[in-house]
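The values are calculated or read from the model by the stated rules, or taken from the named source; none is laboratory data. Everything numeric in this text was worked out from a predicted model, so none of it was measured. A quick note on method: Cβ atoms are made from the backbone with ideal geometry, for glycine too, and the neighbour counts reach across all protein chains shown.
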Amino acid sequence: MSVTITTPQSVIYCGACGMPPEYCSYGPDFETHCVPWLKSSHPDIFARLHGIARGAGIDAGGGGSSSSTSPAAAGPWTTRERLAAFYGKYMPEKLDGIDAILEKYEGKEDKLFLALVRKYGPEPEDPYYADGSDSDDGDDDEDGDDGERDVGERMRDLDVDGGKKKRRGAAAKKVNKVDTRVIIQKISRNRKKAVTHVVGMDTVPGIKLKDAAKAFSKRFAGSSSVKEKEIIIQGDHVEDVAEMIVTKFGVSEDAVFFDLDGEFVPYGG
Amino acid sequence: MFKRFDASNDVSTSTQVKASVQRGIKSQISTSHPSITDDILDELLPKKSPLVQYKIGPHLMLYCRQHEGGGDEPVFFQHRDGPILPTLKFVHKYPKLEFTNVTVDKGAIPFMLGGANVMCPGLTNAGGEMPPDEDDKAGLQKGDGVVIYAEGKELPLAVGFMTMSSINIRKKNKGTGIEVCHFLGDGLWGTDDIQ
């Protein structure tokens with residue numbers, strides 16, 4: 001029995017605000033960010049939380065008492081209402097088959113609406129969003145998604161080759177978002193003494209700052225500490241550190257830079 | 001307590017918790033949350049991988065579980081000699097665990113999300129809930145740690161400790177009833193792991 005209790009559950013948190021979806025409506029960006037996110041990624045939860053909530057006249061959008069039959073701005077449309085509005089405008093005779101269509105396209109509603117727009121024409125506006133400043137809501141969702149995907153791809157292009165092999169693991173998703181870049185800088189502490197700053201080791205996948213600092217201190221036989229994501233090594237080891245980062249931590253040479261008086265000079269070149 | 005908490009700045013030292021201290025922590029948790037037995041706790045916090053204790057300021061301790069992927073996941077925290085409280089992410093992860101809990105009414109939710117303490121009427125109004133009192137024995141003593149749920153919601157939204165016993169809350173029905181330590185959206189909530 002205790003096995004069932006102690007197995008961790010994965011909890012869904014809003015991609016826009018990070019709260020559990022049921023608490024999203026108290027946040028400032030609920031209508032602009034959370035609703036579109038929830039609608040596109042978890043339509044079932046959206047329907048359960050806000051479809052019902054609105055029917056019962058509770059929280060969503062502060063709509064209050066208006067019943068679910070009147071489409072007037074009580075809250076954003078559910079997927080079903082959106083589809084009903086679409087068919088109502090272009091093909092009223094198909095209205096009866098909505099449930100079957102919804103079932104068929106469950107989980108890929110985005111595609112359904114894209115196809116419909118292509119076949120019939122622009123989607124009818126959700127009156128809930130219509131009184132806001134910018135209107136066409138459905139398309140907005142899709143555009144937003146595409147935009148994110150583009151950014152993701154661009155990020156991936158930026159990634160350096162050295163890191164790529166390591167990133168197939170569980171942490172791949174998290175790491176993909178940052179591109180690795182390590183900057184090494186010599187700072188003179190005193191006329192004769194210097195310290196070496198290494199910035200950006202936290203962008204290297206699979207390495208803890210503390211462990212890296214420890215490795216540096218071992219290699220250079222001096223103190224090495226972590227301060228606000230920055231590793232400070234006693235002594236002037238600029239070249240050696242760069243070499244070590246490339247050979248030991250497997251960072252690509254293109255991702256290691258020297259900071260010479262504010263100018264970034266790549267290590268490889 | 002954690003409203004402006006930032007893991008990269010506010011955490012000072014980390015130490016591995018001794019096995020004997022870890023045993024003490026577990027026994028404290030199981031006495032203050034009766035439905036969580038030692039067996040369950042042993043499974044959640046295996047003896048093999050010790051807890052890591054982070055200090056936040058002079059009096060606040062954060063206990064973290066070691067992760068496979070590196071970094072430590074905060075699971076419990078304790079202020080001075082107060083009750084040991086679970087973090088919300090941890091409570092959400094194991095919904096079947098029954099911590100000692102109360103429910104606040106709907107009207108209190110927006111205030112709670114801003115980090116406010118729970119006022120007595122939030123617990124005594126329709127929709128609010130506390131363990132029942134039996135004659136002279138209060139369902140919740142002053143100082144007990146509780147997980148705070150909200151009316152009509154599945155997931156808890158804060159954790160805190162009682163500043164009055166549940167008998168007094170029902171009788172006086174005025175002022176702060178629970179002091180909130182950690183709530184949805186605060187700094188600790190935003191901390192998934194500590195490096």
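Residues in the stretch B:109-138 that are closer than 26 Å to A:V11 by Cβ and part of a loop (DSSP other than H, G, I, E, B): B:G114, B:G115, B:A116, B:N117, B:G127, B:G128, B:M130, B:P131. Going residue by residue through the stretch A:235-251, is there one that turns out to be within 21 Å of B:V11 (Cα to Cα) and of a type in the set (S, T, N, Q)? Looking through the stretch A:235-251, none of the residues is within 21 Å of B:V11 (Cα to Cα) and of a type in the set (S, T, N, Q). Consider the stretch B:125-140 and keep the residues that are touching a helix residue (DSSP H, G or I) at 6+ places or on another chain (Cβ under 7 Å) and within 23 Å of B:Q28 (Cβ to Cβ). The one that is farthest from the other protein chains (Cβ to nearest Cβ) is B:A138.
Considering every residue within the stretch B:99-111, establish whether at least one is within 14 Å of chain A (Cβ to nearest Cβ), among the charged types (D, E, K, R) and in contact with a Lys or Arg (Cβ under 7 Å, 6 or more places away or on another chain). The answer is no; no qualifying residue exists.
Consider the stretch A:202-227 and keep the residues that are modelled with pLDDT under 85 and out of contact with any Gly (no Cβ under 7 Å at 6 or more places or on another chain). The one that is nearest to B:S12 (Cα to Cα) is A:D202. Where helices (runs of 4 or more DSSP H) sit wholly within the stretch A:1-51, none has at least 1 residues that are in contact with a Gly (Cβ under 7 Å, 6 or more places away or on another chain) and within 14 Å of chain B (Cβ to nearest Cβ). You will find that of A:A215, A:A221, the residue that is more than 21 Å from A:N190 (Cα to Cα), of a type in the set (G, A, S) and away from chain B (no Cβ under 14 Å) is A:A215 and no other. Among the helices (runs of 4 or more DSSP H) confined to the stretch B:11-108, the ones with at least 2 residues that are within 18 Å of B:L157 (Cβ to Cβ) and free of Cβ contacts under 8 Å to residues at least 40 places away in the same chain are located at B:88-93. Number of residues in the stretch B:62-90 that are at the interface with chain A (Cβ under 10 Å from one of its Cβ atoms) and not basic (K, R): the value is 6. Every condition in (1) out of contact with any Ser or Thr (no Cβ under 9 Å at 6 or more places or on another chain); (2) more than 13 Å from every other protein chain (Cβ to nearest Cβ); (3) of a type outside the set (A, V, I, L, M, F, W, C) holds for B:N117 except the one numbered (1). Comparison of B:G177, B:G127 shows that the only residue that is of a type in the set (G, A, S) and out of contact with any Lys or Arg (no Cβ under 9 Å at 6 or more places or on another chain) is B:G177. Please enumerate the residues belonging to the stretch B:141-154 that are more than 14 Å from chain A (Cβ to nearest Cβ), without any contact (Cβ under 8 Å) to a residue 60 or more places away in the chain and within 30 Å of A:C24 (Cβ to Cβ). Answer for the stretch B:141-154, where residues must be more than 14 Å from chain A (Cβ to nearest Cβ), without any contact (Cβ under 8 Å) to a residue 60 or more places away in the chain and within 30 Å of A:C24 (Cβ to Cβ): just B:V146.
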